[in-house]
Each structure stands twice: as C-alpha cells, then as structure tokens.
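Engineer: To start, I am sharing the structure in question, which I have written as structure tokens.
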Amino acid sequence: MCSQIGWYNAVLSPPLHLSYPDDTLGAVVLSTPSMFEQAFLPFMESSGWKGVSTDPIDQCMKYCINNTVSECFPGVKVDVSYDYEMLPSRKPKFLAQSAAHVAGAVYYYQRSDVPDHPWGDKKMFGVCIHPRLGGWFAIRALLVFVGSEVGSELQQTAPPDCVPTREDRIQLLEDFNLRWQDWSYRDIVPPVQTYSQKQREYFSTPPAQRQDLLTDWGYLTGGEEDSSQEN
C-alpha cells in the first residue's frame, strides 16, 4: 500500500520521524499466509539461507524484496527498511504498525480505541488487523522512493475498521496481550486464508530450535550456526 512519508510523520513524535520530504512516496510491504510455502520453503530448499546471524524468515524476505525492487524499479533510488532492523540507538528503523495504518493497509487497534477501557494503568500493546486476513499476515518492510514526490493525486485512505465494537476491541487486545500463543486474536474477523499447519509449527517452535525443525523437514543438512530472533 502506498503512502506519503508526511502521513507517517504526522502521527509520531519528532524523534521518530523519517528524514524525507513529507510528500515522498512510500509503500508498506505485507506478507500473506501463502508466503511460507510459496517463498520461504523454496528459499530454504535452494540453500538461500547462509546460516548467518539473521533469522531465516528475515533473510528470505530481504532476498525476495530486494530482488523485486531491483527488477521492478531499475534506476530508481529506493530505500528499504525491514521490520527487524534497528538503529544504533536500538530503536526500530520504522514503526511497522503505524506505517501500515497510515497507508490504509490495516487498522492498528490500540487501547486508545477502546472507550472507557477496563485495564487501568496496565500496559496493553496494540495490534494490526487486516480486513480479509485478520491477524494472519506480517508487516515486512517500508519502501521509500527517494526523490519521487507525490502531491494531491495521492489521497490518504483510512484503513478499514473491521473490529468496530468496543466489546470486540477489548477481546482483540486481551487475546493479543494475554493469549497470543493460542493464535485466537488472528481470527477476530473471519479470514480468507490462515497459516498452514506447517507454518504454525514453525512459528510455535522456539527460535533456537527452528534450525533443528528445518533439518527434520529436510531443508538443512545440519552444521549451520543459528542465532535466530523471534519473528
């Protein structure tokens, strides 16, 4: 989904702003459930993973997105930031959920979206929901088309509010914060596609054990050093 960098900067405090002109064209990249079988497993089968410190999923996404950008936008300067990348300050290079919300791709539900919420001072993290996929997706990257400035021809579109009631928003945020491992928050809206059983097994496996799982599946021969991060 396309956006202007100014839309992103407008909802965040100045220390989190991206250093581009406000009307610079940006785009948020999401992955759907089919990514696992159509991109990740073939990437592993082709020995695309180099066994370095990067998580295999992250490395696969970087490989796919970089290749797509090179093929589709030759000669265009595109700055790519990935959801897992951090600045030297240990802050993320961009806030993925905020970027996806302002682009109109998904709705970022937060405690401020629940009138008279029941949690008091308890910390409740927000979560994005897609109108067709529910929570069965991931935000992977932000593309910034440096020097490509758009004006009024690109109008901001509000993301679909697919969890409109207070009760359902409470359920969503509690499922995400308190029961995220049972996957239930992802089904807050009826999804058209969900993760396969194999994909669920992979993401349910602790990161330190995923190399062994991939080896059991026949995608690794063993011996590669793994220091994966949770994805």
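Engineer: What are the extents of the Cα atoms of region 1-148 along their three principal axes, in Å, largest first?
Structural biologist: 52, 34, 33
Engineer: With θ set to phi - 60°, apply the Karplus curve 6.51 cos²θ - 1.76 cosθ + 1.60 along region 66-72 and write out the HN-Hα couplings as whole Hz, x wherever there is a Gly or Pro.
Structural biologist: 4, 5, 5, 4, 4, 6, 8
Engineer: Want the number for Thr205 to Asp187: 0.36 nm per residue separation, take away the alpha-carbon distance, what's left?
Structural biologist: Full-extension gain reported as 4.4 nm.
Engineer: May I pose another question? If you count, for each residue, the other Cβ atoms within 10 Å and average over each peptide, how do 102-112, 165-175 line up from highest to lowest?
Structural biologist: Highest to lowest by the protection proxy: 102-112, 165-175.
Engineer: If you average the C-alpha positions of region 1-47 and of region 168-224 separately, how far apart do those two centres end up, in angstrom?
Structural biologist: Measuring centre to centre over Cα atoms gives 21 Å.
Engineer: Oh, and also: Among all the aspartates and glutamates, which ones have a C-alpha under 19 Å from Lys77's C-alpha, if same-chain residues fewer than 8 places away are not counted?
Structural biologist: Candidates past the 8-residue exclusion: Asp22, Asp23, Glu149.
Engineer: Kindly rank 202-209, 78-85 from highest to lowest mean number of other beta carbons found within 10 Å of each residue.
Structural biologist: Values: 202-209: 13.6, 78-85: 18.1.
Ranking the peptides 202-209, 78-85 by packing returns 78-85, 202-209.
Engineer: Per DSSP helix of 4 or more residues, -39500 (n - 2.57); summed, then divided by the residues of the chain. What does that give at 222 nm, rounded to the nearest 500?
Structural biologist: For the chain, the value works out to -7500 deg cm²/dmol.
Rule-based calculations on the coordinates, nothing more; no lab input. Computed from a predicted structure; not experimentally measured. FYI the Cβ positions are ideal-geometry reconstructions off the backbone, even for glycines, and counts take in every protein chain you see.
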